[in-house]
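Student: Sharing a structure below in structure tokens format, with a few things to ask.
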Amino acid sequence: MAIETINWPTKLTLLAAGVRDGTYSVAKLCRQFWPGVYLDIHQRDMIRSILIGLDGGLQELAIKGCTGSGKGCSIGMALNICFELCDAIKVTVTSVTWERAVNISFAEIVKWRKAMRFPHNSDISTTQIKCNEEKWMRVVNPDTDEGFSGIHGENVIFWFDEASAIKGTFW
């Protein structure tokens, strides 16, 4: 059964199950979305953990690594895969500063979105990717609590880049 023939809400569950049991290779999956992309084992492991974790009701995932290890790339790709496979998904991105959240964290998501082979139609700006009120990815200011309030849904993700430097009130 091809992923394209399955109802959207079921796709992420089936994909995660396939990644978990080895039916789907993360490397091959990513090349379906981004032909010619080759990921190292660290990057594949991050994407695998995010996809499996979302399907398994993961509450929190911490990814630690040195500078230049491909964390942003892997997270950007994984979030774009989830965005493609879910009818409704809300992704909130923040970092230590607004500038870092926009210019580094969210820019990585936008970069991989624009490089996708067949992305769904969505409005893309420097601070938001939006299909509709139930399907979006956006940046919020780390200096205000309002960006984190009132977000509800089946698939809600918060990416706190440089999380150890973000105010404890968000945890």
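Student: Estimate the FRET efficiency between GLN32 and ASP143 by the formula 1/(1 + (r/R0)^6), using the beta-carbon distance for r and 45 Å for R0, to the nearest 0.05.
Tutor: After rounding to 0.05, the efficiency reads 0.70.
Student: Taking only protein heavy atoms and a 1.4 Å probe, what accessible area per residue, in Å², does segment 74-129 have with all protein chains in place?
Tutor: On a per-residue basis, 40 Å².
Student: Kindly write out, for segment 127-134 in residue order, the coupling ³J(HN,Hα) from the Karplus curve 6.51 cos²θ - 1.76 cosθ + 1.60 (θ = phi - 60°), rounded to whole Hz, with x marking Gly and Pro.
Tutor: 10, 7, 10, 9, 9, 6, 5, 9
Student: Check which residues have an amide H placed less than 5 Å from ILE89's amide H, if you skip close sequence neighbours.
Tutor: When sequence neighbours closer than 5 places are left aside, the close amide H contacts are LYS135, TRP136.
Student: Further question: Using 0.36 nm per residue, how much length does the chain from ILE52 to LYS64 gain when fully extended, once their Cα-Cα distance is taken away? Mind dumping the intermediate values first?
Tutor: On the way: separation 12, 0.36 × 12 = 4.32 nm, distance 1.79 nm.
Value of the extension gain: 2.5 nm.
Student: Top to bottom by accessible area (1.4 Å), largest first, where do SER74, SER122 land?
Tutor: Values: SER74 0, SER122 20 Å².
Result of the area sort, largest leading: SER122, SER74.
Student: Same structure again: Mind grabbing the accessible area of VAL156 for me, 1.4 Å probe, Å², rounded to tens?
Tutor: Rounded to the nearest 10, the figure is 50 Å².
Student: Right, something else. Ignoring ligands and nucleic acids, what accessible area does THR67 show with a 1.4 Å probe (Å², nearest 10)?
Tutor: 140 Å²
Student: So if R0 is 22 Å, what FRET efficiency would GLU99 and GLU154 give, r being the distance between their Cβ atoms, rounded to the nearest 0.05? Intermediate values should be presented prior to the final figure.
Tutor: Details: r = 32 Å, r/R0 = 1.43.
Working from the Cβ atoms, E equals 0.10.
Student: Can you tell me the mean projection area, over all orientations, of the convex hull of segment 101-164's alpha carbons? Units nm², please.
Tutor: Mean shadow area of the hull around the Cα atoms is 5.1 nm².
Student: Tell me, what HN-Hα J-couplings in whole Hz come from the Karplus equation 6.51 cos²θ - 1.76 cosθ + 1.60 at θ = phi - 60° for each residue of segment 42-53, using x for Gly and Pro?
Tutor: 5, 5, 4, 5, 5, 4, 4, 4, 5, 5, 5, x
The values are calculated or read from the model by the stated rules, or taken from the named source; none is laboratory data. Please read these numbers as outputs of a predicted model, since none were measured by experiment. Cβ: placed from backbone, ideal geometry, glycine included. Neighbour counts: every protein chain shown. Areas reflect the complete protein model, heavy atoms only, side chains present, ligands, DNA and RNA absent. Shrake-Rupley method; radii C 1.70, N 1.55, O 1.52, S 1.80 Å.
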